[in-house]
Amino acid sequence: MKITKLLIALLISANCYSQNPLSLWDAVWDNPAFETCNTAKDANYMNQREKDVIWVLNCMRLHPSLFLKTVILYWDYPPRYTNVREREEYKSLIPYFKNLEPIGMVYPDSLIHMSARTRAEEYPSHRGHNRTTQRGIDNKCNCSESISYNSFESIDIVMDLLVDINNPNYGHRRMLTDSD
């Protein structure tokens, strides 16, 4: 009897949809309408955190004012930067999002994913944008990607790239909020 109950519980939990990672920030994100933002849910080459990053990113892109009100104004860095709210990079994010119009969603791409994963694995402590890998020039993907070398939760990864500390031109922020 106990085994049957355990099996049923496991089957139920396996069939439950993944919860929007932003639900932890505000219950408004629990609305089923935000399920459409989960464009990576069937990308079997991605782990759950990667899928959640896409979900958070799409919610942010489609609903920038809601993202500002429910996440940006309350978010703080994990201990890496304890004074993030005092930094110009964080302060500039607020007016940036006040003026940001909704933009289209992003969709997972296995070629970009493979390129980013290879880059991150070959240079786990490297931060930079040279597209030369240990195998030579990476010609398979004429693209750019934003890689977070930190092991944060999905919201922390997106916010880390949006705040874009020590990047004076805010290249990651612009890439994540670009309509192209």
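The values are calculated or read from the model by the stated rules, or taken from the named source; none is laboratory data. Keep in mind the model is a prediction, meaning the values are calculated, not measured. Every residue, glycine among them, receives a Cβ derived from its backbone with ideal geometry; neighbour counts consider all protein chains shown.
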Quiz prompt | Residue match in the stretch 78-91 (condition: under 20 Å from residue 179 (Cβ atoms) and touching a residue at least 60 places away in the same chain (Cβ under 8 Å)) | solution = no
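Can you tell me which residues in the stretch 36-64 are part of a loop (DSSP other than H, G, I, E, B) and among the aromatic types (Phe, Trp, Tyr)?
Here is the first cut: in the stretch 36-64, the ones part of a loop (DSSP other than H, G, I, E, B) are 38-47, 63.
Passing the criteria: only 45.
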Practice problem: Specify which of the listed residues (103, 72) is under 15 Å from residue 29 (Cα atoms) and touching a residue at least 60 places away in the same chain (Cβ under 8 Å). | Solution: 72
Practice problem: List every residue pair whose Cβ atoms lie under 7 Å apart, where the two residues are 6 or more positions apart in sequence or sit on different chains, the first residue falls within the stretch 36-52 and is farther than 13 Å from residue 110 by Cα and crowded, with 18+ Cβ neighbours inside 10 Å, and the second residue, located anywhere, is modelled with pLDDT of 95 or more and not hydrophobic (A, V, I, L, M, F, W, C). | Solution: 37/58
